[in-house]
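Here is the structure we will look at, set down as structure tokens.
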Amino acid sequence: LNTPMSVTDIEDISGADSLENSYATSMSGDDEEPTLLSEHPDGPVSGVGSGRYLNPFPALNRSATRPCTGLTYTSGRWVKREEMLPRYQSYGEILGCCQRGYEELHGAGAQRPETKYVWESDSCDLHEWSEELFCKALRGRNIMMAGDSLNDHWHASLYYLLGGTKDIYRKEGTTRGKRACATHPICAKYYPKPLKLYFLTNQLLEEQRRVNRNYKWWKHIHQYPILILNAGSWMRDPADETREVSDDEYYRHMDKALMIVRRQNFTGTLIWRTTYQGHPYCWKHTEPMTEEHKAEDFPRVPPYLRYRWWAIPQRNNYTVNLWRQAGAHILDVRRITNLMPLGHLGQNHPKFKERNVTDCLHYCSPGPVYDTWSTLLMNLLAGNIDG
């Protein structure tokens, strides 16, 4: 691999990315850039010792018979439970579009079929979602997520799973006129003061701020003892979407992201979430898949050609190796998500009727995917997944 990319001339708005309800920051100013420890021309940055960023607490609730060691939780299938109900209300123009579209066809209050599915491992016993267990597994720690729009949607779904009721996208987002994510209070029932959930968008975990697109995620990580990162599905330059970000360029971004985390002397629990491939023509699916798509299954025609979903397994391999060597947890959602083509925004996308925009990568909420990621995160923090 080549050495990490140099900083480009990108407009920086001083002070525009400060935290809402923030703690005191140890950074000296908005224009400060992290100094890289070193450059690594021969591949991923190697770790400095096993377990550097692992959860420091003993297991809180580990299955006595079949705990999830290694990646055993990824072996299994999606199972439909007819009695299952959504765990929270559908909110928002984007995350709530599937429910609105389904109700137009089936009447107010109709339940979407995909919300009846749960992931069942055939190799270990996963604890089902419990707000109480999740909150207690945090051990009083705040959470920050950073990365692409998939982590953004996940953090919103987690907020709703934990009892949140605001349509947080009315005032938040990455477009002009909207502020960055505010810190959301969570788990108030279990602690003297609510804990905090926070998200910042940065599709490639770059160090620069790009106007209305990327925020300086690294400035705030010292305030959050649990840090969840992801990047991988974004294939275009955030500043110029006509330009493709090659895999080698992506790998350099990931090397640099790890060096930034180290330069900030982050000492908390770090979790890298793998990414997944979308499902071409997702609205044609009526049930979960039993096998993942192969590279040749992805259309090489617009709009799918520019998505390059066939390249995601290689990106996953690189980042899993990178962050595991660094001592981080790996939350592997790849296979689980690849087998669930139901619940995408699809033709329910708000811009479908006007511009024929479809989305077979992002999912609606509530739904099986993001809620399952939260369940897996709960199992990891509680010690039932080794990660």
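What about CYS124, is it crowded, with 18+ Cβ neighbours inside 10 Å and in a helix (DSSP H, G or I)? For CYS124, the condition - crowded, with 18+ Cβ neighbours inside 10 Å and in a helix (DSSP H, G or I) - is not met.
In summary, strands (runs of 3 or more DSSP E) completely within region 208-293 and bearing 3 or more residues that are over 30 Å from LEU195 (Cβ atoms) and open to solvent by 30 Å² or more (accessible area, probe 1.4 Å) occur at 240-244.
The one condition from (1) touching a residue at least 40 places away in the same chain (Cβ under 8 Å); (2) farther than 20 Å from SER246 by Cα that ASP297 does not meet is (1).
Does LYS256 meet the test of being farther than 22 Å from CYS181 by Cα and in contact (Cβ under 8 Å) with a residue 24 or more places away in the chain? The answer is yes for LYS256. Only one of the numbered conditions (1) closer than 15 Å to TRP234 by Cβ; (2) at pLDDT below 95; (3) of a type in the set (A, V, I, L, M) is violated by LEU305, and that is (1).
Contact annotation: residue pairs with Cβ atoms under 7 Å, 6 or more positions apart or on different chains, pairing a residue in region 333-346 that is closer than 13 Å to LEU361 by Cα with a partner that is of a type in the set (Phe, Trp, Tyr) and part of a helix (DSSP H, G or I), are GLY346/TRP283.
Of the helices (runs of 4 or more DSSP H) contained entirely in region 310-387, those carrying at least 1 residues that are in contact with an Asp or Glu (Cβ under 8 Å, 6 or more places away or on another chain) fall at 312-326, 334-338, 368-381.
One line per residue, one yes/no per condition, for (1) closer than 30 Å to ARG52 by Cα; (2) touching a Cys at 6+ places or on another chain (Cβ under 7 Å):
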position	(1), (2)
LEU322	yes, no
GLN325	yes, no
ILE336	yes, no
ASN348	no, yes
PHE352	no, no
ASN356	no, no
CYS360	no, yes
PRO368	no, no
ASN379	yes, yes
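Looking across region 137-158, the residues that are under 18 Å from ASP371 (Cα atoms), open to solvent by 10 Å² or more (accessible area, probe 1.4 Å) and of a type outside the set (S, T, N, Q) come down to ASP152, HIS153.
The values are calculated or read from the model by the stated rules, or taken from the named source; none is laboratory data. In this text, all values refer to a predicted model and were calculated from it rather than measured experimentally. Cβ atoms come from the backbone with ideal geometry, glycine included; neighbour counts cover every protein chain shown. SASA here: full protein model, heavy atoms, side chains in, ligands and nucleic acids out. Shrake-Rupley method; radii C 1.70, N 1.55, O 1.52, S 1.80 Å.
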